[in-house]
Amino acid sequence: MTVLVDALIAARDARAPLVELHPHLPETVEAAYRLQSEHAARLAARSDARRAGWKLGATSPETQKLLGFDAPFWGPILSDAVFESPARLRREDLFVCAVEAEITLRLADDMPARPGGWTPQAAEAAVAGAHVSLEIPDSRLAAAAPMDSRAVIADLGSAGALVLGPEIADWRAMDLAALKGRILDGRGRVLAEGRGAAALGGPLRALAWFADARAAAGDPLRAGDLVATGAFAAPILGRAGTTLIGDFGRAGTVELTLE
């Protein structure tokens, strides 16, 4: 067990964001991912959960600059943090409660290292299904704490929850990079909008990048994994007493109510 993971779990339990970081930060990003694995394993053991998949973060240059990353990052999503639409979550169970419109892919096959790397076309062949979704990044780090990529990674890559809409029936016939996604409030007002290309050029390009990264890290993606492939647009902040709808046009909708 490590001091930083202890502190992050204590912050979660106390509902008090962690402010002091630097005395316990790992020296490298690789070490931060090892802490992430420990963090996820300890949470899973407490709740009898399993790793259901992954979320990608900082998938646009703008977000990377904001967070101080020079590349995208990832975080594990546990099975007890995956919900089917329409979902109802308690706002008080979350710290930041950002909400992003994303495409989540469900893998049919393992994605081990591949000569020359994964292409979007090869990645598509490894996918069983695609879902419209709302990803809820969350952070046990206080807003006043200095932003540090190593801390974000250790804090599960800001993983909070994932709300899955229905599987898109004809997703292979769609251009997911060109697909438009919006977040609407309960009155139909547009709060955020963008296209799939905002996340590393599109969901399948994002998956190909991630498959290469996981294979290089020695823990390839596995059949059955969910991969939330990155935000279509800047996140919004969820507030108690509101309903948010992810509207992806003919690809479908996904709904979240925060109580």
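The values are calculated or read from the model by the stated rules, or taken from the named source; none is laboratory data. Quick caveat, the model's predicted, so the values are computed rather than measured. Glycine gets a Cβ as well: all are built from the backbone with ideal geometry, and neighbour counts include every protein chain shown. Note: areas computed on protein heavy atoms with side chains; ligands, DNA, RNA excluded. Shrake-Rupley method; radii C 1.70, N 1.55, O 1.52, S 1.80 Å.
Please count how many residues of the range 116-138 are in a strand (DSSP E or B) and open to solvent by less than 20 Å² (accessible area, probe 1.4 Å).
Final tally of qualifying residues: 8.
Quick check on the range 70-78. Is at least one of its residues out of contact with any Lys or Arg (no Cβ under 9 Å at 6 or more places or on another chain) and surrounded by 14 or more Cβ atoms within 10 Å (Cβ to Cβ)?
So far as the range 70-78 goes, yes, one or more of its residues are out of contact with any Lys or Arg (no Cβ under 9 Å at 6 or more places or on another chain) and surrounded by 14 or more Cβ atoms within 10 Å (Cβ to Cβ).
Where the second residue is open to solvent by 10 Å² or more (accessible area, probe 1.4 Å) and assigned to a loop (DSSP other than H, G, I, E, B) and the first is under 15 Å from Glu124 (Cβ atoms) and without any contact (Cβ under 8 Å) to a residue 60 or more places away in the chain and lies in the range 209-228, which pairs have Cβ atoms under 7 Å and are six or more apart or on separate chains?
Listed by first residue and then by second, the contacts come to nothing, as the list is empty.
So, of the residues in the range 1-32 that are of a type outside the set (A, V, I, L, M) and under 17 Å from Phe95 (Cβ atoms), which turns out to be most open to solvent (accessible area, probe 1.4 Å)?
Result: Glu20.
If I ask for residues that are open to solvent by less than 30 Å² (accessible area, probe 1.4 Å) and not in a strand (DSSP E or B), which ones from the range 33-63 would you list?
Answer for the range 33-63, where residues must be open to solvent by less than 30 Å² (accessible area, probe 1.4 Å) and not in a strand (DSSP E or B): Leu35, Gln36, His39, Ala40, Leu43, Ala44, Ala49, Ala58, Thr59, Ser60.
Considering only residues that are surrounded by fewer than 18 Cβ atoms within 10 Å (Cβ to Cβ) and charged (D, E, K, R), look in the range 213-259 and name the one that is nearest to Ser139 (Cα to Cα).
Once the filter is applied, the top-ranked residue is Arg239.
Tell me, yes or no, whether the range 197-220 has at least one residue that is closer than 18 Å to Gly57 by Cβ, part of a strand (DSSP E or B) and at pLDDT 95 or above.
No, the range 197-220 contains no residue that is closer than 18 Å to Gly57 by Cβ, part of a strand (DSSP E or B) and at pLDDT 95 or above.
Any residue in the range 79-87 that is under 25 Å from Phe232 (Cα atoms), touching a residue at least 12 places away in the same chain (Cβ under 8 Å) and surrounded by fewer than 14 Cβ atoms within 10 Å (Cβ to Cβ)? Outline the logic, then answer.
So in the range 79-87, the residues under 25 Å from Phe232 (Cα atoms) come out as 79-87.
Imposing the further condition that a residue be touching a residue at least 12 places away in the same chain (Cβ under 8 Å) reduces the set to 79-87.
If we keep only those that are surrounded by fewer than 14 Cβ atoms within 10 Å (Cβ to Cβ) too, we end up with 84.
Yes.
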